[in-house]
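The values are calculated or read from the model by the stated rules, or taken from the named source; none is laboratory data. Everything quoted here is computed from the prediction, not taken from an experiment. Every residue, glycine as well, gets a Cβ built from its backbone with ideal geometry; the counts of neighbours run over all protein chains shown.
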Amino acid sequence: MEVVIAPSAELARLAADAIEGLLRARPETVLGLATGSSPLAVYDELARRHKEGLSFARTRAFMLDEYVGLPADHPERYRNVIEKEFASRVDLAPGAVQGPDGLAADLPAACAAYEASIADAGGVDLQILGIGTDGHIAFNEPGSSLASRTRIKTLTRQTREDNARFFGGSVDDVPRHCLTQGLATIMSARHLVLLATGRAKAEAVHQLVEGPISAMWPATIMQLHPHATVLVDDAAASRLQLADYYRQTYADKPDWQGL
Ligand code: GLP
């Protein structure tokens, strides 16, 4: 696992560099998209690069998760968030972005179909991730099976409180259920790039990088991934025991290496 500690604008540039590198090498690259505030600067940077000629026309993308039951036109439905924050700002083809169907009549069937779609696309090349304050990735809350695939989950009170800011501050308006890629689904992606900023993420980042692998901190499964990158600002890095080592390693990294 590589840990990069840098100002947030630089983190976004690094993630965008990794994505651009993949797209230039293979325009059919399959991206994994995350919602939440953490990836927004990456989407801004990719939209800026699109204006300068970077094309997503042959790219496909898969979302991590979706609330169950939010109306199709609800602005916080993750499908709509991704459309607004990213897809509508680049030249992704119609239908190129897929997500779990939180409005399906048969949710388990929708989850199985989603897994099949990812597999049919050849899997995700680069998965963007954020992290919840309780260590969740996507919506894999503490206690999630480390071998889980896409399924329905119940959100913790903590996550609903964290996300209430997107629902006018009302925790009661945050759905109780979601569909989420499982931890094993996420681990199948070829490169994981997680972004975290701010002190509220410091404990989760410490556990993710330095804690024991445990379903209590679901992101710790990333320690088993052969190509995982953790991009954090100073505040999110403030509880890392080996922060000095990560800083030195990054400072000494050869320019050609990339993420
Ligand atoms: C939600 C999303 C996660 C995201 C997390 C953190 O729970 N399902 O994918 O990582 O929020 O969000 P933020 O980046 O806004 O802190």
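Scanning the stretch 165-175 for residues that are away from the ligand (no atom under 13 Å from the Cβ) and in a helix (DSSP H, G or I), which turns out surrounded by the fewest Cβ atoms within 10 Å (Cβ to Cβ)?
Selected residue: ASP172.
When you scan the stretch 149-165, do you find a residue that is on the phi > 0 side of the Ramachandran plot and at pLDDT 95 or above, even just one?
no
Give me the pairs, please: first residue somewhere in the stretch 107-131 and farther than 16 Å from THR150 by Cα, second residue anywhere and assigned to a helix (DSSP H, G or I) and within 16 Å of the ligand (Cβ to nearest atom), beta-carbon distance under 7 Å, and either six or more positions apart or on two chains.
Pairs that qualify, where the first residue is farther than 16 Å from THR150 by Cα and the partner is assigned to a helix (DSSP H, G or I) and within 16 Å of the ligand (Cβ to nearest atom), are ILE128/ALA15; ILE128/VAL42; ILE131/LYS201; ILE131/ALA204; ILE131/VAL205; ILE131/LEU208; ILE131/ALA219.
Looking at the stretch 188-245 only, could you name the residues that are within 14 Å of the chain's Cα centre (by Cα) and more than 16 Å from the ligand (Cβ to nearest atom)?
Once the filter is applied, which keeps residues that are within 14 Å of the chain's Cα centre (by Cα) and more than 16 Å from the ligand (Cβ to nearest atom), the stretch 188-245 yields SER188, ARG190, HIS191.
Which count do you get for residues in the stretch 55-69 that are more than 21 Å from CYS111 (Cβ to Cβ) and surrounded by 20 or more Cβ atoms within 10 Å (Cβ to Cβ)?
Count: 2.
Considering each residue of the stretch 176-198, count those that are in a helix (DSSP H, G or I) and in contact with a helix residue (DSSP H, G or I) (Cβ under 7 Å, 6 or more places away or on another chain), and give that number.
Count: 3.
Could you please let me know if ASP234 is over 24 Å from ASP125 (Cβ atoms) and in a helix (DSSP H, G or I)? So that I can check it myself, show each step before the final result.
Details: over 24 Å from ASP125 (Cβ atoms): yes; in a helix (DSSP H, G or I): no.
So ASP234 fails the test.
Within the stretch 115-149, can you find the residues that are among the aliphatic types (A, V, I, L, M), farther than 25 Å from LEU14 by Cα and in a loop (DSSP other than H, G, I, E, B)?
Hits for the stretch 115-149 are ALA121, LEU146, ALA147.
Of the residues that make up the stretch 74-91, is at least one in a strand (DSSP E or B) and either within 21 Å of SER8 (Cβ to Cβ) or of a type in the set (Phe, Trp, Tyr) (or both)?
Going through the stretch 74-91, the residues in a strand (DSSP E or B) turn out to be none.
Looking through the stretch 74-91, none of the residues is in a strand (DSSP E or B) and either within 21 Å of SER8 (Cβ to Cβ) or of a type in the set (Phe, Trp, Tyr) (or both).
Could you grab the pairs with beta carbons closer than 8 Å, sequence gap of 6+ or different chains, first residue in the stretch 47-73 and assigned to a loop (DSSP other than H, G, I, E, B), second one polar (S, T, N, Q) and within 16 Å of the ligand (Cβ to nearest atom)?
Hits for this filter: LEU64/THR35; LEU64/GLN127; LEU64/THR180; LEU64/GLN181; ASP73/ASN80.
Does ASP162 fit the bill of being charged (D, E, K, R) and either closer than 24 Å to LEU11 by Cβ or within 14 Å of the ligand (Cβ to nearest atom) (or both)?
yes
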